[in-house]
Structures are given as structure tokens and as C-alpha cells.
1. If only one of Ala273, Ala256, Ala203, Ala209 is touching a Ser or Thr at 6+ places or on another chain (Cβ under 6 Å), more than 30 Å from Gly331 (Cα to Cα) and of a type in the set (A, V, I, L, M), which one is it?
2. Scan region 118-175 for residues that are in contact (Cβ under 8 Å) with a residue 24 or more places away in the chain and at positive phi and jot them down.
3. When you go through Ala107, Ala178, Ala172, Ala88 one by one, which is the residue that is open to solvent by 20 Å² or more (accessible area, probe 1.4 Å) and of a type in the set (A, V, I, L, M)?
4. Testing Ala201 on (1) out of contact with any Lys or Arg (no Cβ under 9 Å at 6 or more places or on another chain); (2) in a helix (DSSP H, G or I); (3) open to solvent by less than 10 Å² (accessible area, probe 1.4 Å), one condition comes back false. Which one is that?
5. Check whether at least one residue in region 320-337 is touching a residue at least 24 places away in the same chain (Cβ under 8 Å), part of a helix (DSSP H, G or I) and touching a helix residue (DSSP H, G or I) at 6+ places or on another chain (Cβ under 7 Å), and report yes or no.
6. Here are some residues: Asp525, Asp529, Asp497. Which one is without any contact (Cβ under 8 Å) to a residue 60 or more places away in the chain and either among the charged types (D, E, K, R) or at positive phi (or both)?
7. Output the strands (runs of 3 or more DSSP E) that fall wholly within region 484-591 and possess 3 or more residues being of a type outside the set (A, V, I, L, M), or say none.
8. Given the options Ser234, Ser243, Ser214, name the one that is within 21 Å of the chain's Cα centre (by Cα) and among the hydroxyl-bearing types (Ser, Thr, Tyr).
Amino acid sequence: MIISWNWLREYVQPAADPAEVARRLTMSGLNHESTEPVGGDFAIDLEVTSNRPDCLGHLGVAREVAALFDVPVKTPDPQPAEDAAARADGLVNVKITAIDLCPLYTARVIRGVRIGPSPKWLVDRLASVGLASVNNVVDCTNFVMLECSQPLHAFDLRLLRGQRIVVRRAAAGEKIEAINHQLCDLDPGMCVIADGERPVAIAGVMGGADSEISDATTDLVLEAAVFAPQSVRSAARKLNLHSPSSFRFERGVDPAGVDWASRRCCELILQTAGGTLASGVELAGEVREPAKPIELRMKRLAEVLGIVVDAERSKAILERLGCSGAKSGDGALTVQAPTWRADLTREIDLIEEVGRVVGYEKVPDTFSVPLVASGRTPTVRVLDQLRQLLTAAGFDEAMTPSLVPARWSEAWSPWTDVQPLRASQPMLGVLEKASQNVGPVEFARRSLVPSLLEARRINEHRGNHDAELFEIAHVYWPHASGLPRQPRLLGLVSLRDFSTIKGLVERVVGQLCPEVQLSVRECDDAWLDSTQACRLELEGELLGWLGRVDGDAAAGFGLRSAPMIVELNIDVLLPRVVPIRRQVPVSSFPAVQRDFNFIVANAVRWSDLESTVRLAGGELVESVTYRETFRDEAKDGPGRKRVLLSVVLRSHAGTLSGAAVEESSKAIREQCQSLHDARLVS
């Protein structure tokens, strides 16, 4: 943000030169980039952080200077003369149909203006901060924006069809020619300012050429509004159309300052372009309620800063910065944060304000601030445990980019078939393309597996054939709301066999969710080898996929051999995690083992058979262990197999009797026969 020294001094008169003012601003958080002489003025370039949009105008910086040098701020009080013979609401009608994108919109009407060059003082003010003069009306809107950081826009009333302004979402296929003559294809959902028939401006970004102020303009509508920062940022990026207005709206404007900016601009237009101002203002939406008062404890301020700042001085500093309603009592100070400081919400924010104005250089180096170590969140604990389990199993963690080329995005996306999100700016220099022509890297990944396969390929080509890799990261699934779902997935790539990887997954799930049984289901994914693939579920909810990549798919990624892959949705695991493992007492009574040799159909899965055995045996079942599978069509018939398993029975109440063991064994035989047509081999 470039500040004119002469312009700044219209609001505040510090007893210091530009160099000292710049130094103090830097020490308080507005970093000084440079100071350049401009005619008889100085252009001071300040770096304004994103949480201080109020300092994107001269008045905001003037408040900072006033607090630092303990001098008053002179804020203009615009009172433009109104024409009682005409009312704004009778000349233009305003309606908002997208209140979430535009909570407040105001319009004032000035008739009989004369468009022409701006007076010298206005041209000089704009030139001092690097802005060229356009005409007297446009220059007034720019002046007020640079004065108070509230963007404004003027429409030619004659060119607004139906004398209507409708703030709405763009419709599919709508276009607009911006005032820079760039033709923009509007996405449905973008916030636009429309008249009775078509869009006339992209809300918060730029006005349209069809309704801009020209030499022929005599009547104009002055817009002053509040637009949702995310909506403005999204539209500006998608259209690659950035402006000083969008820069400010993206960071947030002062909702209570909208009317002041509108009146101020009308006052300047009447001075420089003439005309008459219709009485009143056409308004839609409403100003949000002020934030709750914040209490600042003097004891806490001294604890954090290490210096004592009395209540009176703290009150004076906060009032200079715009805080109001200051009340002292019981060693505390209660204030109302100004509407232009949305970043002031907590006591620590007020402590920071007092500290930076008093001067951080006054905080002693030896003072120790009382701190309490923050605890790790349950999610972080689970992720750490997951990483420990996988690294202990011999896997290395990988980190891959969030954007992938189209071929990878289309290769495998079992979670969703909705088209991936596309970035406006492709990533460059993040992939080794020597052996693969992958194309632009511009799509948000929907799966981690393709990126891990590329990491595997790179390791293979570098001679590291034992690279067993996993990654825990977010993916991006498009959603009807326009905002992507961002689940956290676990991806894994390995050359180990199917049984080993399946056992690893069972171990991981068992460690994290010991009270839930992992279910294995059929998988018909063409990208995976049908003989070594399965779908994983927890309590009927899809957990993920496990299988060996098909040979052709592996070759398409430049791999020398087809690896096993796993992809799990960690968000499905988290609600079922047992954070603190409970101790289970070991029975002091002897165990009894019974072996079962069942003849079942080939389609019967071990996981289903195991679940049935556990359910039928009840509380006496301590463990169920798979032993072996035999196939002999001559003895058992076609499509049949023998599954040998061992069941350990034990009681915590006493030694099992032969009758109890036989009763449990009978229940297991009968249940397996009923559910799986299992015949016990005698």
C-alpha cells in the first residue's frame, strides 16, 4: 500500500518526519518497504498484512500514526446536500437475491453531472500513489477507496435497463465485457451486479463496459457495498481479473463504513462534477450486529508483555485505534472493537495492540512468558499412531503434490466419478518427465495411489527397488455446493504379496479400532487384478480398497512389476478409534482348542466364516485362527473347498466342562451350516 505523506497529514499531524513515521510503523507491524520523493510529496510504501485491510486506506494508517505518536485524527464528516424534490428509491430499485454473497448494498443517485477532467488537487493526490486520472467521477471513487479502503463503483443510470440493480448469482452461459474490455465467461455461482436484463458488473471485481461512466453520462448511480471475500477471491482467480477493488474486498471491508464512503464520494462528485444528489439511499441487506465487548485484564497484560502499562494509558491507546465504550473496573478494561478491525476478537488481541504501540523493544529480553504446552488433538494422535505402525512394518512416508496430470486423475478414481477440480495455474517443475510425457499438472487429486505409483517408478529408475511407500494426505472430491470435500486418505504401495498386505491392514485397523470387525467384500475394479483385490468395509461403511494393480495399468505408469496398493478413508476410521486401550484381564483357567475342517463353496470368504464362528461361539471364543485351504473336486465336488481353522475357547469364570465345550462347538457347526452351507469333515 503506497501512502502519500501530504495526503496522510490531512488527517493526522505527527511531530516527526516521514522517516521516523515509517520506522515506528514498521516496529508496530506495517513493514516499511521504501520511500520515494514524488514532486513535493513522499510516496511511502508499506507492507500491509492480510488481517489489516483497514490499512489499505490513508485513514487506517492515520489511526496507526495517531496511536503511535499520541495525536488526534481528523476524520472528514461528509454531509452532501440532497435534492428533496427527488428520492433515490424512486430513481433506481435495488434487490439482493444472493444475500450470502452480498450482505449489504447501497445505491445513491446523482443527476446532472458534467463528466470532465478532475481538478489539479485530485489529479495530484492520485498521482502521488501511482494512479492515473480518468475523469472527475471515476477519480472521486478511486480517491475515496484510497482514503478509507472501501471500493465504490459508478454506473451510468441511463444504461441500466429498467432502472434496476439486482445482486445475484450468474446464470449458466452469461458473459460480460469488463471495463478493461476483457470478455469474461461467468461461472454459475459467481456474484454479479445485474440490471433488469444482463450483468453489468462482476461483484467486487470490476464493472462492465456496457454501463461505465463516459463523456455522455449525465445521471449516475453510486454503488457502495459489502461482498463476501471468498466469493470475490474465487471470481477474480477464475477470471484472472484482479483489481484494487478485488484486492480490498478479498480481505474484507468495514460494513459500518459503507454509508460514510458513499456520502464522502457523493460530496466529492458534487464538488468536481456538479449535479444534484437525490435524497435518501436505496439500500438492500443490513449491517451486521457489532461484535461483543472484549475484556482486558491489566494483570494478564503485564504477565504477557513483561511490562506494566496502566489502565489509563491502555485505554488511551485503544481509543486512538478506534475502540469505543471503554470501561475500567476490578483491574480490567472493557472495550468495543471498531467495526473496521475484524481481527480484534479476544483479550490477547488487545494485549498485542497495546504492546506494539508501546513498543516491543521495551519488552525485556529476560522475561519469561508463562506458557502451557498445548495438547495434541485426537486426530493428530491417531495419525501419529498410524505412522508408527506403518514405519514399524518397514514403510517410508512419501509426500506428493496435490495437483496431478489428467492421465493420472483419470487412471484410478474409485471414490467418485465426478470430474476433478481444475487449477487455473498448472504446477511446473514438480515431476520428473524424462521418461513420461504426463502433460500439464493442473487437476486436484481424487486419489493418492497414482502419485504413489509415480514415486515408486522414480525409485525403481534410481535403483531403489525396495521402496515401500505410504502417504497420509487430503484429496479433493467435487461437491454440488461448489466447495470440494477434502477427506484424508491413507495410500500405500508395496511389492509384498496379497496376504501380507491384507494382514497389515487388519493389524492397523485392529490396533486403532479393536471393537470393530473389518469386513472384506468382492471387488470388480478393472484397474485391479480380480484374483487379488477386495473392498474393505467397517460396519457396512466403505473404508477403502486393497489389491494388486493390473499388469497393463502398472506398465502404463512405467513400473517394472505390478505392486499391491491400499487406499483407506481415515475419516471413516476416526469415529471408531479407541483412544485409550482398555486392559483386559487374562483368564487364569485353562483353554480348550477345537479344530474344524469345513467343506464350503469357493465363493465363501474367510472373513465371513470367521465372523460366523465368533458370533456362534459367543463369549467363550478367545481366538479364531485360519490354518489352511484344500481343494479336491474328486472328494468334495466341483466348486468346493476345505477350510481348516482352529478355535480357542476359554472362560473367565471357571474351568470349561466338556458339556460347555460341546455346546459351543455344536453352535458353531450349526451356524456355519445354516449360513454358509458348510459341511464338517469327520
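1. Exactly one of Ala273, Ala256, Ala203, Ala209 is touching a Ser or Thr at 6+ places or on another chain (Cβ under 6 Å), more than 30 Å from Gly331 (Cα to Cα) and of a type in the set (A, V, I, L, M), namely Ala256.
2. Selection gives Gly130, Ser149, Gly162, Gln163.
3. Working: Ala107 fails: open to solvent by 20 Å² or more (accessible area, probe 1.4 Å); Ala178 fails: open to solvent by 20 Å² or more (accessible area, probe 1.4 Å); Ala88 fails: open to solvent by 20 Å² or more (accessible area, probe 1.4 Å).
Unique residue meeting the criteria: Ala172.
4. The failed condition is (2).
5. Among the residues of region 320-337, at least one is touching a residue at least 24 places away in the same chain (Cβ under 8 Å), part of a helix (DSSP H, G or I) and touching a helix residue (DSSP H, G or I) at 6+ places or on another chain (Cβ under 7 Å), which makes the answer yes.
6. On the way: Asp525 fails: without any contact (Cβ under 8 Å) to a residue 60 or more places away in the chain; Asp497 fails: without any contact (Cβ under 8 Å) to a residue 60 or more places away in the chain.
Going through Asp525, Asp529, Asp497 in turn, just one is without any contact (Cβ under 8 Å) to a residue 60 or more places away in the chain and either among the charged types (D, E, K, R) or at positive phi (or both): Asp529.
7. 488-494, 528-538, 541-549
8. Numbers: Ser243 fails: within 21 Å of the chain's Cα centre (by Cα); Ser214 fails: within 21 Å of the chain's Cα centre (by Cα).
Answer to the selection: Ser234.
The values are calculated or read from the model by the stated rules, or taken from the named source; none is laboratory data. Values in this document were obtained by computation on a predicted structure and should not be read as measured data. Cβ coordinates were reconstructed from backbone atoms using ideal geometry, including for glycine residues, and neighbour counts include every protein chain displayed. SASA here: full protein model, heavy atoms, side chains in, ligands and nucleic acids out. Shrake-Rupley method; radii C 1.70, N 1.55, O 1.52, S 1.80 Å.
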